[in-house]
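Below: one structure, written as structure tokens.
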Amino acid sequence: MIGAGPPIAASLARRVRARVDGVVQGVGFRPFVHRLAAEHGLAGFVRNDARGVEIEVEGAADAVERFLEALRSDGPPLASVDAVHRAAIEVRGSETFEISPSVGGAADALVSADAATCADCLAELRDPADRRHRYPFVNCTNCGPRFTIVRSVPYDRPATTMAGFTMCAACQTEYDDPADRRFHAQPNACPACGPKAWVHGGRPAEAGDLDAVGLAAALLRDGAILAVKGIGGFHLACRADDEAAVARLRARKHREERPFALMAADLEAARALVALDDEEVALLTSPARPIVLARRLAGAPVAASVAPGSRELGVMLPYSPLHHLLAGDAGGPLVMTSGNLSDEPIAFTDADALARLEAIADAFLLHDRPIHTRTDDSVVRVIGGRGAVLRRSRGLVPASLALPVAAGRPVLACGAELKSTFCVARGSRAWVSHHVGDLRNAETLGSFREGIAHFERLFDVVPEVVAHDLHPDYLSTGYALDREGVELVAVQHHHAHLAACLAEHGVPGPAVGAIYDGTGYGADGTAWGGEILVGDLVSFERAGHLAAVRLPGGDRAVREPWRMACSWLVAAGGPAGDVPLHLRAHVDQERWTAVARLAASGFAAPVTTSMGRLFDAVAALCGIHPVVTYEGQAAIQLEALADAGTDGAYFFEADLDARPLILEILADLDAGTAPAVVSARLHRAVAGATAGACAAAASSAGLGIVVLSGGVFQNRLLAALTRDALEALGLRVLMPERLPANDGGISYGQAAVAAARGG
Ligand code: ZN
Ligand code: ZN
Ligand code: FE
């Protein structure tokens with residue numbers, strides 16, 4: 001019990017009960033309320049319950065008003081107040097203000113996302129006189145792990161993976177003191193009582209009396225590859241400027257060609273790697289600390305094999321004290337790539353990491369704070385001046401999103417398959433999961449199932465409606481069909497992309513959508529992916545699409561883009577007989593002829609309208625990645641190559657028939673035009689044709705809004721050109737920002753559709 005101001009004459013006093021909705025647990029909200037009540041001389045109490053925070057205050061009427069005002073406006077940095085509901089109640093004559101124990105009940109609390117180490121904690125970490133000097137787990141109510149350590153709600157220490165650590169007297173005093181910045185900081189810890197780090201399986205040349213992180217950093221300086229346990233899982237780390245180490249890491253990760261993410265010790269170090277505008281700096285230094293894809297600087301001190309052929313680098317800043325120490329001691333930028341073999345999910349338990357990463361890592365930096373939910377780093381890129389999330393995960397999840405049309409019954413949306421996420425929704429709130437990954441991996445499918453159960457508990461959603469993709473073979477569809485006693489809602493893939501973007505912007509539609517991606521199951525059972533739709537959250541019509549071509553060899557045509565080049569040439573009736581100029585070094589005549597035959601006959605060659613595959617085809621004609629190791633690789637390279645300085649565009653009309661375009665590109669390349677020029681002209685042609693197609697659909701439907709989504713619009717050049725062209729025509733353009741344009745956004749779109757259909 002803590003004394004408040006002087007008692008107020010009961011006749012003048014008011015008592016108000018307030019409920020605060022939003023992210024208010026695990027973010028220092030109760031001590032904030034306590035301070036605020038003291039400042040305004042109010043009595044009463046605050047407590048966490050299963051729905052958020054409940055407050056009763058009593059005192060002078062104007063003080064109560066000012067208090068309620070400040071609740072909304074002055075909250076702690078990680079809190080996010082959506083609404084304050086108030087009701088006048090009977091005065092009780094309370095004389096003190098207390099922080100009461102949490103009450104349980106139905107779990108409805110909003111758990112916050114993991115947040116990067118705050119400035120105060122960082123100062124302690126670096127202060128030799130502080131009891132937490134160089135302690136890799138320092139945190140407070142404003143920072144530290146949250147979502148990744150939460151087992152259930154209400155968010156209190158026993159419900160986290162800190163349950164096994166009993167606080168020492170000093171930590172307990174901080175935890176109990178409402179005036180302390182660690183009051184009720186659930187992961188509060190110190191070297192005497194908290195988690196510990198250690199190095200397993202390696203010893204640096206100069207060990208001296210280094211602590212665990214110091215030893216790990218010395219190993220990195222010696223050229224070692226380290227598996228590092230962090231917040232949401234393991235990273236594989238090495239010095240980014242050590243070509244031998246990076247090449248070894250790449251070789252051990254098995255034919256992995258994706259660019260490696262980097263961690264720079266601080267903003268200044270990041271500026272030596274990439275060019276950063278204000279928006280990119282804001283993203284890089286935000287509490288979510290995502291990986292930011294930004295333009296690589298010539299002369300960046302980074303080994304060639306970090307991101308071969310890429311004009312961009314993915315850079316992040318340290319987001320845990322352990323990372324701050326490690327990146328600071330390592331003496332240069334670090335590769336920090338996810339701790340897995342290609343196509344596997346990242347390791348997040350010690351046993352799993354030791355088993356799976358043993359053949360990759362020379363040593364391990366481990367700690368004994370368990371990770372409850374495996375969570376990858378989030379990835380963002382600035383597209384058209386705005387931050388766009390490409391992978392929504394650690395630091396961003398589980399923040400809720402609104403639904404423009406509230407769900408009448410609780411909804412589970414199962415998402416797509418490759419960049420899988422799921423979404424639970426209740427009323428006008430939706431919680432989209434962290435990036436789960438490729439469900440065709442058995443372990444990932446297991447995390448998908450467990451993740452759904454976890455979210456259902458955390459957010460008290462008992463699904464009565466289950467939304468899923470139309471694709472009968474998606475494992476997420478299979479999961480949905482196995483749920484018993486629910487109403488199923490099937491949502492077409494590209495409609496879900498459209499709905500996700502509309503819903504994120506709070507727009508119910510109708511609108512026109514250009515939805516371009518690799519593939520999605522069409523309403524007619526064929527593979528769609530270059531779609532002009534007109535629709536709203538409930539339904540849609542297909543207003544146009546890219547000309548259909550064959551996928552010779554089915555999925556093999558995705559892994560081998562040269563097959564798409566062949567297919568497009570066959571479709572265009574062009575000279576498909578001989579291997580084109582830039583492909584001669586990669587494909588022999590016999591295979592080319594066989595694939596041309598498949599494309600012409602349609603045998604083992606389903607049709608597709610995929611825009612992603614068109615970009616693949618053009619990349620292959622340019623000799624860029626005739627074979628890829630991950631979807632989108634060739635298209636990403638083609639974008640990187642585009643020479644924006646050249647002018648001209650290919651002939652590509654609003655009917656989206658790309659056959660003349662392909663013939664023109666072939667002729668251009670045969671005439672010796674550089675692929676960089678071809679790429680720029682392709683981007684302009686696709687942007688122009690898309691704007692034309694959308695404008696035509698908008699005018700015939702009498703609409704003024706155009707959505708650009710689907711994974712292809714992660715192409716920054718295409719997105720910017722298309723947006724500019726549409727805006728020049730007076731149309732309002734919406735693009736995904738908080739959710740990925742790729743299939744990571746599908747689950748939210750499905751939930752928005754299910755809710756709008758009266759789910
Ligand atoms: Zn802190
Ligand atoms: Zn302690
Ligand atoms: Fe898609």
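Only the coordinates and a few stated rules stand behind these numbers; no lab work does. Values in this document were obtained by computation on a predicted structure and should not be read as measured data. Heads up, the Cβs are rebuilt from the backbone with ideal geometry, glycines too, and the neighbour counts pull from every protein chain shown.
Worth pointing out:
- Model label points for Leu297 and Arg66, set 7 angstrom from Cα along the Cα-to-Cβ axis, are 4.9 nm apart.
- Taken over the alpha carbons of the stretch 484-610 as equal point scatterers, the Debye sum produces base-10 log I(q)/I(0) values at 0.13, 0.17, 0.18 Å⁻¹ of -0.62, -0.85, -0.90.
- Positive minus negative residues near Ala87 (Lys, Arg vs Asp, Glu; Cβ under 9 Å): +3
- Those Cys residues of the chain for which no other cysteine Cβ falls under 4.7 Å: Cys121, Cys140, Cys171, Cys190, Cys238, Cys414, Cys423, Cys501, Cys566, Cys622, Cys694
- If R0 is taken as 25 Å, the Cβ-Cβ distance between His200 and Thr173 corresponds to a FRET efficiency of 0.15.
- Sum of -39500 (n - 2.57) over DSSP H runs of 4+, divided by residues of the chain (222 nm, nearest 500): -9500 deg cm²/dmol
- Among Cys694, Cys193, a tally of other beta-carbon atoms within 10 Å of each Cβ gives an order, fewest to most, of Cys193, Cys694.
- Radius 12 Å from Cβ of Val512, net charge of other residues (Lys, Arg +1; Asp, Glu -1): -1
- Cα convex hull of the stretch 2-99, projected area averaged across orientations, nm²: 5.4 nm²
- The distance between label points at Asp647 and Glu358 comes to 6.4 nm (points 7 Å beyond Cα on the Cα→Cβ vector).
- Shape box of the stretch 484-542 [Cα atoms, principal axes, largest first, Å]: 35, 30, 17
- Length-normalised contact order for the stretch 2-99 - Cα pairs under 8 Å, 6+ apart - percent: 47 percent
- The chain - Debye-derived log10 I(q)/I(0), Cα point model, q = 0.08, 0.10 Å⁻¹: -0.69, -1.04
- Asp438-Asp277 FRET efficiency (beta carbon distance; Förster radius 25 Å; 0.05 resolution): 0.15
- Projected label points at Ala720 and Ala406, each 7 Å from Cα along the beta carbon direction, are separated by 4.2 nanometres.
- Rg of the Cα atoms in the stretch 622-663, relative to 2.2 N^0.38 Å, amounts to 1.40.
- Between the stretch 722-749 and the stretch 327-395, the C-alpha centres lie 28 angstrom from each other.
- On full extension, the segment bounded by Arg449 and His586 gains 45.1 nm, given 0.36 nm per residue less the C-alpha separation.
- The chain - percent relative contact order, Cα under 8 Å, separation 6 or more: 11 percent
- Using the alpha-carbon positions of the stretch 549-685, Rg (one decimal) and Dmax (whole number) come out as 13.5, 42 Å.
- Straight-distance crosslink candidates among aspartates and glutamates, where the alpha carbon sits under 12 Å from Lys253 and sequence neighbours closer than 8 are dropped: Asp343, Glu344, Glu358
- The lysines whose alpha-carbon is closer than 18 Å to the alpha-carbon of Lys419, local same-chain residues fewer than 8 away aside, do not include any residue.
- Solvent-free Debye scattering, log10 I(q)/I(0), computed from the Cα coordinates of the stretch 439-498 at q = 0.29 Å⁻¹: -1.24
- Neighbourhood charge, 12 Å Cβ-Cβ cut-off, centred on Phe615 and excluding it, Lys, Arg +1 and Asp, Glu -1: -3
- Between helix 716-728 and the chain there is an angle of about 90 degrees, using the helix long axis and the longest principal axis of the Cα atoms.
- Candidate lysines for bridging to Lys196, where Cα separation is under 18 Å - those fewer than 8 sequence places away on the same chain excluded: Lys229
- Percentage relative contact order, the stretch 333-457, counting C-alpha pairs under 8 Å, at least six apart: 18 percent
- Fully extended contour minus Cα-Cα distance, from Ala123 to Thr96, at 0.36 nm per residue: 6.3 nm
- Length gained on full extension, Ala192 to Asp343: 50.4 nm, using 0.36 nm per residue less the C-alpha separation.
- Sorted largest first, extent of the stretch 197-367 alpha carbons per principal axis (Å): 41, 36, 28
- FRET efficiency for the pair Arg732 and Ser310, taken as 1/(1 + (r/R0)^6) with r the Cβ-Cβ distance and R0 = 41 Å, rounds to 0.80.
- Fewest-first sequence of Cys566, Cys121, Cys168 by Cβ atoms within 10 Å of each Cβ: Cys168, Cys121, Cys566
- Listed residues Ala37, Leu12, Gly26: farthest to the positive end of the dipole of the stretch 2-99 (Cβ charges): Gly26
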